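Participant: The structure follows.
The values are calculated or read from the model by the stated rules, or taken from the named source; none is laboratory data. Source: prediction; values computed, not measured. Here Cβ is always computed from backbone atoms with ideal geometry, including for glycine, and neighbour counts include all displayed protein chains.
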Amino acid sequence: MVTAAAILPRKEGRQHGRPVPLSAGRWCRLEALTPAVHAGDLFASLSEERQGALWTYMTYGPFESALALHSHLERLRKLPDRDFHAIIEQESGLALGYLALVRRRASQSAVELGHVVFSPQLQGTRTATEAVFLVLCQVFEGEGRKRLEWRADCWNRKGILAAQRFGFRREALARQDSHYKGRNRDTWWLSILAREWPALKQLYRRWLAPENFDAAGRQRSCLSDLTIATLHPLNAKQLLGTRGAPTFGASSQMQVDLSPPAPPLYQQKPLSRGPAAMKEPRVNELGQPIGEPLPHWRPRPLPPRQPMEGTWCRLEPLDPDRHAESLFEAKSQDASGRNWTYLPVGPFPDFLSYRAWLEAVAAAEDPLFHSVLDSRSGRALGVASFLRLQPELGVIEVGHIHFSPALQKNRMATEAMYLMMRRVFDELGYRRYEWKCDALNAPSRQAATRLGFTYEGIFRQATIYKGRNRDTAWYSIIDKEWPEVRAAFEAWLEPANFDGEGQQKRSLASLRSAASSRPELTEL
């Protein structure tokens with residue numbers, strides 16, 4: 001049994017029995033987080049911030065005792081797919097903070113830097129910056145990763161600016177993608193890519209050099225001046241404010257080779273992204289902005305394996321025995337195979353291989369595949385699925401959409417999407433419905449916009465498929481938008497909205513409320 005005395009900071013013999021350092025620099029070293037060794041130091045240093053403000057945007061904390069923190073750290077480090085590191089100040093040998101690498105995805109060569117907890121003694125110091133630098137070295141050089149991610153509550157301005165100071169680039173604002181401590185969270189996603197690391201490493205080395213600090217340890221140049229001006233040139237003035245241009249080194253030394261990201265296919269109107277576009281947030285007792293309350297939230301049920309009935313089409317759980325032949329026949333109309341380009345599988349050379357794939361995916365619960373049937377003929381003409389099911393958060397994605405030429409661009413296809421949305425929001429009570437696609441897949445992005453999804457951003461080097469990189473465009477509809485989106489669908493699907501040739505009289509986009517505050521997108 002661990003006692004409180006056993007985890008108090010030790011004043012002597014601090015190196016005895018300590019974990020072997022994972023990596024070390026001038027100012028700090030990283031050790032595998034060991035609660036029996038580190039919890040006492042951490043509690044003492046974290047307790048210096050007595051109001052608990054540093055825990056506001058964490059999913060846990062604050063802690064009333066060293067023993068409570070010890071127990072929590074023990075639970076954390078037992079979680080799968082997480083490597084926790086204690087940050088040890090070299091001079092004192094004290095553990096002053098911790099961080100973790102989480103969500104390791106070998107198939108995507110990506111990992112996330114999370115659980116970043118810096119004590120007041122650590123915040124704003126070269127020790128903290130060097131700790132992040134050591135992690136970046138581990139990720140890109142030790143593990144050979146292609147992408148490192150950082151997430152932050154959209155109201156956590158300090159966390160977002162810290163990430164940008166460390167070299168992360170903002171990519172997307174995922175609305176209502178999580179909740180914690182009884183409130184909603186809209187999440188900013190940021191990343192660093194492997195191709196950016198050599199230039200970023202050069203900037204870190206310049207900043208961490210001893211000559212960049214005076215005798216009192218004060219920096220002569222700001223890392224944020226270096227990283228923001230170099231890595232974020234388009235919005236450097238806004239982020240740096242009145243602090244001016246970088247002052248460290250000659251201007252010629254600042255010119256590092258950073259390949260710009262690919263230009264977006266779509267442009268969004270200015271005030272539609274980020275906290276500035278949202279309503280005024282509520283604040284806590286510490287004056288910090290926080291998300292809207294969710295006092296009655298409960299985990300939602302999983303989607304059932306039940307049909308969805310419409311006027312023009314019917315969705316049924318995928319049944320290879322009943323659907324395989326008509327699906328293969330319908331998809332064979334795409335002789336060039338272009339409809340498979342942005343899907344992770346296919347095209348299939350013959351019916352047997354296609355049937356085998358259908359049997360494999362039909363047995364899965366996530367993704368949960370459905371066939372889209374023509375209500376008149378009863379023939380299956382396409383498939384779509386619910387995937388990345390997160391009932392505890394109320395988040396679900398629609399994907400693996402493969403509509404045959406006979407289904408594309410007609411009211412059956414639109415109604416199928418409406419029926420799936422209706423199940424998610426009206427029947428199951430989810431908060432967020434996602435659409436993700438290859439950023440180069442213009443037809444899919446246009447379809448998302450037409451259906452009422454809001455563009456959120458592009459995740460660079462998000463995954464790999466068919467031997468090539470994929471930057472992923474994210475879209476969503478959230479529950480408060482659904483009534484407007486639903487009304488437009490129902491008006492569009494009315495028989496009176498079509499002429500004798502089956503052509504629409506009013507577009508789906510025109511039927512959405514003109515008073516909508518959600519952003520519209522225009523193609524470049």
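Participant: Among (1) farther than 23 Å from residue 21 by Cβ; (2) touching a Leu at 6+ places or on another chain (Cβ under 6 Å), where does residue 86 come up short?
Facilitator: (1)
Participant: Just one of 382, 346, 399 is buried (at least 21 other Cβ atoms within 10 Å of the Cβ) and outside any helix (DSSP H, G or I); which is it? Let's see the steps before the verdict.
Facilitator: Details: 346 fails: buried (at least 21 other Cβ atoms within 10 Å of the Cβ); 399 fails: buried (at least 21 other Cβ atoms within 10 Å of the Cβ).
Checking each option against the conditions leaves just 382.
Participant: Condition first: among the basic types (Lys, Arg) and modelled with pLDDT of 95 or more. Now tell me which residues in segment 43-79 satisfy that.
Facilitator: 75
Participant: Right, something else. Out of segment 456-497, which residues are crowded, with 20+ Cβ neighbours inside 10 Å and free of Cβ contacts under 8 Å to residues at least 12 places away in the same chain?
Facilitator: Across segment 456-497, there are no qualifying residues.
Participant: Cβ-Cβ below 7 Å, separation at least six or inter-chain, first residue in segment 201-227 and farther than 24 Å from residue 138 by Cα, second in a helix (DSSP H, G or I) and polar (S, T, N, Q): which pairs?
Facilitator: 219/212; 220/212; 221/212
Participant: Picking from 444, 371, 375, which residue would you name as being assigned by TED's automatic domain parsing to the domain that holds residue 490, polar (S, T, N, Q) and touching an Asp or Glu at 6+ places or on another chain (Cβ under 6 Å)?
Facilitator: Numbers: 444 fails: touching an Asp or Glu at 6+ places or on another chain (Cβ under 6 Å); 375 fails: touching an Asp or Glu at 6+ places or on another chain (Cβ under 6 Å).
Answer to the selection: 371.
Participant: Considering segment 385-396 alone, what residues qualify as being buried (at least 22 other Cβ atoms within 10 Å of the Cβ) and either over 25 Å from residue 474 (Cβ atoms) or aliphatic (A, V, I, L, M) (or both)?
Facilitator: 395, 396
Participant: From the list 314, 300, which one is crowded, with 19+ Cβ neighbours inside 10 Å, part of a strand (DSSP E or B) and of a type in the set (D, E, K, R)? Before the answer, list the steps.
Facilitator: On the way: 300 fails: part of a strand (DSSP E or B).
Every option except 314 fails the conditions.
Participant: Can you tell me how many residues in segment 347-378 are touching a residue at least 40 places away in the same chain (Cβ under 8 Å) and in contact with a helix residue (DSSP H, G or I) (Cβ under 7 Å, 6 or more places away or on another chain)?
Facilitator: 6
Participant: If you don't mind, another one. Which of the residues that make up segment 435-455 are in contact (Cβ under 8 Å) with a residue 60 or more places away in the chain, surrounded by fewer than 22 Cβ atoms within 10 Å (Cβ to Cβ), out of contact with any helix residue (DSSP H, G or I) (no Cβ under 6 Å at 6 or more places or on another chain) and not aliphatic (A, V, I, L, M)?
Facilitator: 438, 441, 444, 446, 449
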